[in-house]
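**Student:** My questions will all concern the structure given below.
The values are calculated or read from the model by the stated rules, or taken from the named source; none is laboratory data. Computed from a predicted structure; not experimentally measured. Virtual Cβ from ideal backbone geometry, glycine too; neighbours counted across all protein chains shown.
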Amino acid sequence: MTIQKRSLKVEKLARIYDDEIAPVWGSRFGKMILRNLRVPDRGQVLDISCGTGWPTVEILRRMGDGARLIAIDASSAMLDVARKKVAALGPLGKKGVYFRTESPLPRLSFADDVYDLVVCNLGLDEMPSVEDALQDFARVCKVGGEVRCTMPIAGTFQEFYDIYREVLVKHDKHEALDRLDEHLARHPTLDQLDAWIKAAGLRGGVDVEEFSLLFKSSREFFFAPVIEYGPLAAWKAIAGTGQELQDVFWYIKEAIDAYFGGRAFQVTIKAALLVGEKRDPAAEESDEIVTGRVELLEPAQAEPLPPPPGQMAAGSVRTTNELEILEVEEVDLGDDFVQVFDDVPLDAFVDGKERPAHLSTSGRRDDDDDLDG
């Protein structure tokens, strides 16, 4: 039953991904992979966790007739969408592209030193160990070939995590605080990524691009597909189970809405592009390492929370240089869909659900005073 539920969840994700999530998430990271990308004229390309085919299709457009692209993903539903995109390209889609339903875990099934280019857009974040995954990606790459991967890194959703932490501290949720710290520790820093790239035998570095997402309210935030299908399940697990989970999310909802006072809730995304050329193991260790790393200057952290944005930005969610405005849209997916990670709905967002009596009115007023002050 659990497998069936997960399958249905993934099928829904495949249907809505390109419209609801890719414009504000997947394509933002995918464009980083395409930046200054050199596709071999007569080489082999491996696209790991290709999803619905971004940036797979764009790489295909840049390939020569003698090149071959193998795209893998654990979800056959996602691959079906990618296949349709390639078929719609006409003659261009008849190039050497092959799709395979396959997970990169526990390791890639391919032989060593096969591919001239290995790419992975947002797949690293789902790996149990980013360090081990990078070494495996480097293993299947030829000497002189290139590995390119994207992932969100430490500092992503920081505004939300600051609020989450304040709520847990204020209400003495010590076990949940420990789980939050464990969750955040899994988000790598720039220094960690640099070390892992080098350990994988790759010559390169990390580029970081920072952008923001705006949500009209706490409800819009938690029900936006990019959150619902992304980190929400992990955030629920941090809070606990049963009534404890519900209480924590009541507090978080009230904290967000009180602090931002009807203005948009802004969260920061730190998108990292890892680029590395596979070195010859016989090369001298003294060779100079060429890095493309870009450091971001961190703002002063005088306050635990950032000031609310002055106004909501206007514009398309597809505009790279503008803040994003995410709104919840109804998607008709039929009656056969069974939710998996949302089996227990958040009471704070159920229509008509009143605030539990044990969350005292005075406690709510204290929360608001703390946030305002």
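**Student:** Any residue in region 140-154 that is buried (at least 18 other Cβ atoms within 10 Å of the Cβ), among the β-branched types (V, I, T), at pLDDT 95 or above and in contact with an Asp or Glu (Cβ under 7 Å, 6 or more places away or on another chain)?
**Tutor:** Scanning region 140-154 turns up at least one residue that is buried (at least 18 other Cβ atoms within 10 Å of the Cβ), among the β-branched types (V, I, T), at pLDDT 95 or above and in contact with an Asp or Glu (Cβ under 7 Å, 6 or more places away or on another chain).
**Student:** Of all residues in region 172-191, count the ones that are in contact (Cβ under 8 Å) with a residue 12 or more places away in the chain and either in a helix (DSSP H, G or I) or charged (D, E, K, R) (or both).
**Tutor:** 9
**Student:** If you take the residues in region 156-171 that are in a helix (DSSP H, G or I) and not charged (D, E, K, R), which one is surrounded by the fewest Cβ atoms within 10 Å (Cβ to Cβ)?
**Tutor:** Residue satisfying both the conditions and the ranking: V169.
**Student:** Quick one: R15 ticks every box in (1) at pLDDT 95 or above; (2) in contact with a Leu (Cβ under 7 Å, 6 or more places away or on another chain); (3) charged (D, E, K, R) bar one, so which box is it?
**Tutor:** (1)
**Student:** Kindly indicate whether F260 is without any contact (Cβ under 8 Å) to a residue 60 or more places away in the chain, buried (at least 21 other Cβ atoms within 10 Å of the Cβ) and more than 18 Å from L346 (Cα to Cα).
**Tutor:** For F260, the condition - without any contact (Cβ under 8 Å) to a residue 60 or more places away in the chain, buried (at least 21 other Cβ atoms within 10 Å of the Cβ) and more than 18 Å from L346 (Cα to Cα) - is met.
**Student:** Search region 113-132 for residues that are closer than 23 Å to E58 by Cβ and pair each with any residue that is assigned to a loop (DSSP other than H, G, I, E, B) and at pLDDT below 95 when their beta-carbon atoms are under 6 Å apart and the residues are at least 6 apart or on different chains.
**Tutor:** From residues that are closer than 23 Å to E58 by Cβ, the pairs are D116/P40; D116/G43.
**Student:** Oh, and also: Restricting to strands (runs of 3 or more DSSP E) lying wholly in region 77-155: which have 1 or more residues that are aliphatic (A, V, I, L, M) and closer than 26 Å to K9 by Cβ?
**Tutor:** On the way: elements: 96-101, 115-121, 141-152.
It comes to 115-121, 141-152.
**Student:** Let me ask something else. If only one of A255, A237, A272 is surrounded by 14 or more Cβ atoms within 10 Å (Cβ to Cβ), outside any helix (DSSP H, G or I), among the aliphatic types (A, V, I, L, M) and modelled with pLDDT of 75 or more, which one is it?
**Tutor:** Of the residues listed, the single one that is surrounded by 14 or more Cβ atoms within 10 Å (Cβ to Cβ), outside any helix (DSSP H, G or I), among the aliphatic types (A, V, I, L, M) and modelled with pLDDT of 75 or more is A272.
**Student:** What pairs can you find where one residue is in region 55-69 and under 12 Å from L89 (Cβ atoms), the other is among the charged types (D, E, K, R) and part of a helix (DSSP H, G or I), and their Cβ atoms are less than 9 Å apart, with a gap of 6+ or different chains?
**Tutor:** Correct list of pairs: T56/K85; V57/K85; E58/K31.
**Student:** Okay, next question. The conditions are (1) out of contact with any strand residue (DSSP E or B) (no Cβ under 7 Å at 6 or more places or on another chain); (2) exposed (fewer than 15 other Cβ atoms within 10 Å of the Cβ), and K31 fails exactly one of them. Which is it?
**Tutor:** Unmet condition: (2).
**Student:** Another question about this same structure. Does any residue of region 48-66 turn out to be over 21 Å from the mean Cα position of the chain (by Cα) and at pLDDT 95 or above?
**Tutor:** Scanning region 48-66, I find no residue that is over 21 Å from the mean Cα position of the chain (by Cα) and at pLDDT 95 or above, so the answer is no.
**Student:** The conditions are (1) in contact with a Lys or Arg (Cβ under 8 Å, 6 or more places away or on another chain); (2) more than 20 Å from A154 (Cα to Cα); (3) outside any helix (DSSP H, G or I); (4) of a type in the set (D, E, K, R), and R263 fails exactly one of them. Which is it?
**Tutor:** For R263, the failing item is (1).
**Student:** Counting only residues that are in a helix (DSSP H, G or I) and not β-branched (V, I, T), which one in region 192-201 is surrounded by the most Cβ atoms within 10 Å (Cβ to Cβ)?
**Tutor:** Among those residues, the one meeting the criterion is L193.
**Student:** Follow-up. Condition (residue is of a type in the set (D, E), at pLDDT 95 or above, more than 21 Å from the chain's Cα centre (by Cα) and farther than 20 Å from L69 by Cβ) applied to region 95-112: is it met by at least one residue?
**Tutor:** Within region 95-112, not a single residue is of a type in the set (D, E), at pLDDT 95 or above, more than 21 Å from the chain's Cα centre (by Cα) and farther than 20 Å from L69 by Cβ.
**Student:** What are the residues in region 213-242 that are farther than 22 Å from L184 by Cβ and in contact (Cβ under 8 Å) with a residue 60 or more places away in the chain, if any?
**Tutor:** The initial filter retains those residues of region 213-242 that are farther than 22 Å from L184 by Cβ, namely 214, 216-217, 219-220, 223, 225, 242.
Selection gives L214, K216, R219, E220, F223, P225.
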